[in-house]
Amino acid sequence: MTNDVEKRWSDKATFRRAGLYAGAVVGVALLLMAITVAWAAANRDECADAQFLVCASPDRYVLVFGPTAILLLGGLGAFVRAYQVWRRGGTWPIWHGAGWALLTFMVIYLGISMRALAPT
């Protein structure tokens, strides 16, 4: 079992798995964002004089809350994985860090994208 007071938490395999997991979650969130923007750009003639490219109300909500939900669920999934690794006696802080990184990305994305919901 790992002593939590010690700071020797180097485990390359766990770091690689957590990094791939976090990268995949961010990639899926960005993919949903890109699909939403492309969908809105294809239907741009509906509101050509709008301030934002994404001008329809449902598209705006998907753009704001879709990637946010993916990042939230990914962060919570990383915390669950950290708990599972901790129960097995592994190096759980790597997964814990991945969870906090995903939640930080979620808050940043939500803060930036909320402007799309502002009244025009």
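The values are calculated or read from the model by the stated rules, or taken from the named source; none is laboratory data. As the structure is a prediction and not an experimental result, all values here were calculated from the model. Using ideal geometry, Cβ is built from the backbone for each residue, glycine included, and neighbour counts are taken over all protein chains shown. Each accessible area value is taken on the protein alone, full model and side chains, heavy atoms only, with ligands, DNA and RNA left out. Shrake-Rupley method; radii C 1.70, N 1.55, O 1.52, S 1.80 Å.
If the condition is being under 16 Å from Tyr21 (Cα atoms) and of a type in the set (D, E, K, R), then the stretch 77-91 contributes only Arg81.
Looking at Leu71, Leu63, Leu76, just one residue is assigned to a helix (DSSP H, G or I), surrounded by 18 or more Cβ atoms within 10 Å (Cβ to Cβ) and modelled with pLDDT of 95 or more, and that residue is Leu71.
Applying a threshold of 7 Å to beta carbon distances and a minimum spacing of six or more residues, or different chains, the list of pairs starting in the stretch 95-120 at a residue that is farther than 24 Å from Ala13 by Cβ and ending at one that is open to solvent by 90 Å² or more (accessible area, probe 1.4 Å) reads Thr120/Gln51.
Would it be correct to say that Asp45 is open to solvent by 70 Å² or more (accessible area, probe 1.4 Å), modelled with pLDDT under 80, of a type in the set (Asp, Glu) and assigned to a loop (DSSP other than H, G, I, E, B)? Don't jump to the end; show me each part of the working.
Details: open to solvent by 70 Å² or more (accessible area, probe 1.4 Å): yes; modelled with pLDDT under 80: yes; of a type in the set (Asp, Glu): yes; assigned to a loop (DSSP other than H, G, I, E, B): no.
So Asp45 fails the test.
Show the residue pairs meeting these rules: Cβ distance below 6 Å; 6+ apart or different chains; first residue within the stretch 14-35 and without any contact (Cβ under 8 Å) to a residue 60 or more places away in the chain; second residue in a helix (DSSP H, G or I) and small (Gly, Ala, Ser). Within 6 Å, the pairs are Leu32/Gly66.
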